[in-house]
Amino acid sequence: MKTLMLKLEPVIWMLFSSGMMIGALLLPVFILVVALGGGFGVVGGEALGFDRMVALATHPIGTLIVLAAMALPLWGGAHHLRHLWIDLGGLKTDGLVGFLCYGTALAGSIVAILAVVRLHS
Amino acid sequence: MSQKLKKTFIVTRFDPDKDEVPKTQTYEIEVEPDWKILDALNHIKDTVDPTLSHRWSCRMAVCGSCGMTVNGEPKLTCKDPMSDYGDTIEVAPLANFPVVRDLVVELEGFMERFQEVKPWIMVAKERAVEEGTTQQSPDELADFKQFSMCINCMLCYAACPVVSNEPDFIGPAALALGHRYNQDSRDEGAHVRNEIFRGEGGVFSCSFANECSEVCPKSVNPSGAIQQAKLGNVIDWATSFVVKRGGDVS
Amino acid sequence: MKPGGPMPTRTADPRPPDKYPGRGRYPSYLAFGASGAFLMISALLLIRGVWALGDGGAAWDAYRGALGHPISLVYHGVAFIGLTWFALRLFRLFPATQPYRMGPIKRPADAVLVAGLYGVFFTVLAVGTLFLGGALL
């Protein structure tokens, strides 16, 4: 596992760094409007209504934004948590932790792609 | 003459022939206000306790010998003014290094890391004398100059949490030095160095704590160099599938 | 930082940096790494939302209803603050990682780059919020 992770580091790091950027820029917007605005009932029901959301998420640009905001931050977070584990003295279990972190990111990315494909079909 | 100040120095001591582990010793001394930490240590050694061991040489932040931990921070003691501290000052050897004696650390592991990154200009074919000198523009020089200012004081290694936790990590100063050669317009060895950078303990072990750049007394910015080397390695790795890497360099 | 071979004299073991992990700049660095949890959880919750969207109007409304649960509100409140801090720290450190020049373009002063990145962050947040919230278009 460690050898495989070392081989794939350039790919993982690229996904990680773009995930940090995308996550830092896009996730706060989603959280503020949909999770908090919608959750507290501040943002109107129509704006977050089914028809408008589907229209936004299936627009070509919307699709790209939604896909990036779903998949890339997973890699950003996974890589961060793996390195946090090493920083806290967990090098011996790096292989297992790396597998769990990147495994979650990979599985999540596949589901994210499926979620978008489903919307379009 | 300026007014002398009373200071308490708590200094880490370790005698490999007697001590199991390092211990501390307290010295109460009078110092001049404009002294550096190193001046006080030399004063202790010269007038109070000749058994105290510490490394130093140039006293002007060039030789990189006098790095120690002052009040928990890695510092170049010849550059570190006494006026920055209160009445009690703790001096310990650099963290992350084995301690040979008192404030003196073992350098061998650090030296090995430097050799790993091949810190010299590598070319496929030596330039003949008749071809004249190699030209380099001011911009080409600026591409790497900052990373060439390292004085090997090892403060960056003492501050880095990855050095603590990953024994194989090549470390900030050595990786920055390797990157310095990769950025040099005269060098043709980047592909070779990048293979090392992508290997065990290479640039991708760095998690950008940025401590190396925070403590660097020469503003080398090793963490910046390593992040640039990561992107450089992504590109080098991706293009290696398309463009055949040619020729031997040495 | 031990050498590969045996050391000529007996040495004391290396100790970790004195302020690690709880003092100095280290807590901020470790918190930055721990913010990875916000990135992952928030992205997974977003995936859950888009999946619900694919299941139809009723599923989407149920998802929106769940966002009103106190646990969701507390998590997202903390995550919003955490991710904003994460973004600002990321953009503050970003300029130092950039090379002296990219092609013909020289790196601007760090303060200019940081101000620009902060500007991008708050512009995306403001415009994105107004647009997604239905106040634009």
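So which of B:THR51, B:THR12, B:THR88, B:THR26 is polar (S, T, N, Q), over 26 Å from the mean Cα position of the chain (by Cα) and under 24 Å from C:TYR26 (Cα atoms)?
On inspection, the qualifying residue turns out to be B:THR88.
Taking region B:202-234 on its own, how many of its residues are within 17 Å of C:TYR26 (Cβ to Cβ) and facing chain C (nearest Cβ under 9 Å)?
Going through region B:202-234 one residue at a time, the tally reaches 8.
When you scan region B:106-119, do you find a residue that is without any contact (Cβ under 8 Å) to a residue 60 or more places away in the chain and touching a strand residue (DSSP E or B) at 6+ places or on another chain (Cβ under 6 Å), even just one?
Scanning region B:106-119 turns up at least one residue that is without any contact (Cβ under 8 Å) to a residue 60 or more places away in the chain and touching a strand residue (DSSP E or B) at 6+ places or on another chain (Cβ under 6 Å).
Just to check your reading of the model, which residue among B:ALA209, B:ALA158 is in a helix (DSSP H, G or I) and not aromatic (Phe, Trp, Tyr)? Give the derivation first.
Details: B:ALA209 fails: in a helix (DSSP H, G or I).
It is B:ALA158.
Quick check on region C:23-65: of everything there that is open to solvent by 60 Å² or more (accessible area, probe 1.4 Å) and among the small types (Gly, Ala, Ser), which residue is nearest to the other protein chains (Cβ to nearest Cβ)?
C:ALA58
Please determine, by comparing only the residues of region B:161-182 that are outside any helix (DSSP H, G or I) and within 8 Å of chain C (Cβ to nearest Cβ), which one is least open to solvent (accessible area, probe 1.4 Å). Explain how you work it out, then say what you get.
Of region B:161-182, the ones outside any helix (DSSP H, G or I) are B:166-171.
Filter again for within 8 Å of chain C (Cβ to nearest Cβ), leaving B:167, B:171.
On the way: B:PRO167: 85, B:GLY171: 0 Å².
Looking at the filtered set, the residue picked out is B:GLY171.
Go through region A:102-115 and give me each residue that's within 7 Å of another protein chain (Cβ to nearest Cβ) and among the hydrophobic types (A, V, I, L, M, F, W, C).
Within region A:102-115, A:VAL111, A:ALA112, A:ALA115 qualify.
Residue by residue, here is whether (1) in contact with a strand residue (DSSP E or B) (Cβ under 6 Å, 6 or more places away or on another chain); (2) farther than 30 Å from C:GLY68 by Cβ; (3) open to solvent by less than 20 Å² (accessible area, probe 1.4 Å) holds:
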{"position": "A:LEU4", "(1), (2), (3)": "no, yes, no"}
{"position": "A:TRP13", "(1), (2), (3)": "no, yes, no"}
{"position": "A:GLY19", "(1), (2), (3)": "no, no, yes"}
{"position": "A:ILE22", "(1), (2), (3)": "no, no, no"}
{"position": "A:LEU26", "(1), (2), (3)": "no, no, no"}
{"position": "A:GLY37", "(1), (2), (3)": "no, no, yes"}
{"position": "A:GLY41", "(1), (2), (3)": "no, no, no"}
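Can you tell me which residues in region B:81-128 are closer than 22 Å to C:ARG15 by Cα and in a loop (DSSP other than H, G, I, E, B)?
B:PRO93, B:LEU94, B:ALA95, B:ASN96, B:PHE97, B:PRO98, B:ASP102, B:LEU103, B:GLU106, B:LEU107
For region C:1-22, how many residues are of a type in the set (Lys, Arg) and away from chain A (no Cβ under 14 Å)?
Of the residues in region C:1-22, 2 are of a type in the set (Lys, Arg) and away from chain A (no Cβ under 14 Å).
Read through the list (1) under 14 Å from the mean Cα position of the chain (by Cα); (2) surrounded by 15 or more Cβ atoms within 10 Å (Cβ to Cβ); (3) more than 7 Å from chain A (Cβ to nearest Cβ), then give the number of the only condition that C:LEU90 fails.
Looking at each condition in turn, C:LEU90 falls short on (3).
Filter region C:108-129 for residues that are facing another protein chain (nearest Cβ under 10 Å) and either touching a helix residue (DSSP H, G or I) at 6+ places or on another chain (Cβ under 8 Å) or at pLDDT below 95 (or both) and give the result.
Residues satisfying the conditions are C:LEU117, C:VAL120, C:PHE121, C:VAL124, C:LEU125, C:GLY128, C:THR129.
So C:GLY33 ticks every box in (1) in contact with a His (Cβ under 8 Å, 6 or more places away or on another chain); (2) not in a helix (DSSP H, G or I) but one. Which box is left unticked?
Only one criterion in (1) in contact with a His (Cβ under 8 Å, 6 or more places away or on another chain); (2) not in a helix (DSSP H, G or I) is unmet by C:GLY33, namely (2).
Name the single residue that is nearest to the other protein chains (Cβ to nearest Cβ) among those in region A:22-54 being in a loop (DSSP other than H, G, I, E, B) and β-branched (Val, Ile, Thr).
Out of the qualifying residues, it is A:VAL43.
Looking at (1) more than 26 Å from the chain's Cα centre (by Cα); (2) surrounded by 13 or more Cβ atoms within 10 Å (Cβ to Cβ), which one does B:PRO33 not meet, given that it meets all the others?
(2)
Hey, among B:THR51, B:THR47, B:THR24, which residue is assigned to a helix (DSSP H, G or I), farther than 29 Å from B:ILE170 by Cβ and either not charged (D, E, K, R) or not assigned by TED's automatic domain parsing to the domain that holds B:MET149 (or both)?
B:THR47
Taking into account only those residues within region B:63-74 that are under 21 Å from C:TYR20 (Cα atoms) and polar (S, T, N, Q), which is least open to solvent (accessible area, probe 1.4 Å)? Don't jump to the end; show me each part of the working.
Of all residues in region B:63-74, those under 21 Å from C:TYR20 (Cα atoms) come to B:67-74.
From what is left, the residues that are polar (S, T, N, Q) are B:69, B:71.
Numbers: B:THR69: 5, B:ASN71: 57 Å².
In this case the residue turns out to be B:THR69.
Within region A:55-69, is even one residue at the interface with chain C (Cβ under 7 Å from one of its Cβ atoms), part of a helix (DSSP H, G or I) and either open to solvent by less than 20 Å² (accessible area, probe 1.4 Å) or without any contact (Cβ under 8 Å) to a residue 12 or more places away in the chain (or both)?
Yes, some residue in region A:55-69 is at the interface with chain C (Cβ under 7 Å from one of its Cβ atoms), part of a helix (DSSP H, G or I) and either open to solvent by less than 20 Å² (accessible area, probe 1.4 Å) or without any contact (Cβ under 8 Å) to a residue 12 or more places away in the chain (or both).
Taking the condition more than 23 Å from B:ASN233 (Cα to Cα), crowded, with 18+ Cβ neighbours inside 10 Å, in contact with a helix residue (DSSP H, G or I) (Cβ under 9 Å, 6 or more places away or on another chain) and without any contact (Cβ under 8 Å) to a residue 24 or more places away in the chain, does A:ILE86 pass?
no
Check B:THR51, B:THR77, B:THR47 and return the single one that is of a type outside the set (Asp, Glu), over 16 Å from C:LYS19 (Cβ atoms) and surrounded by 20 or more Cβ atoms within 10 Å (Cβ to Cβ).
That would be B:THR77, the only listed residue that is of a type outside the set (Asp, Glu), over 16 Å from C:LYS19 (Cβ atoms) and surrounded by 20 or more Cβ atoms within 10 Å (Cβ to Cβ).
Quick check on B:PRO172: is it at pLDDT 95 or above and assigned by TED's automatic domain parsing to the domain that holds B:LEU41?
Working: at pLDDT 95 or above: yes; assigned by TED's automatic domain parsing to the domain that holds B:LEU41: no.
Judged against the criteria, B:PRO172 is not a match.
The values are calculated or read from the model by the stated rules, or taken from the named source; none is laboratory data. Since the structure is predicted, the reported quantities are computational estimates derived from the model, not experimental observations. Quick reminder, even Gly has a Cβ in these numbers, built from the backbone with ideal geometry, and neighbours come from all protein chains shown. Please note that ligands, DNA and RNA were not included when accessible areas were found on the heavy atoms of the full protein model with its side chains. Shrake-Rupley method; radii C 1.70, N 1.55, O 1.52, S 1.80 Å.
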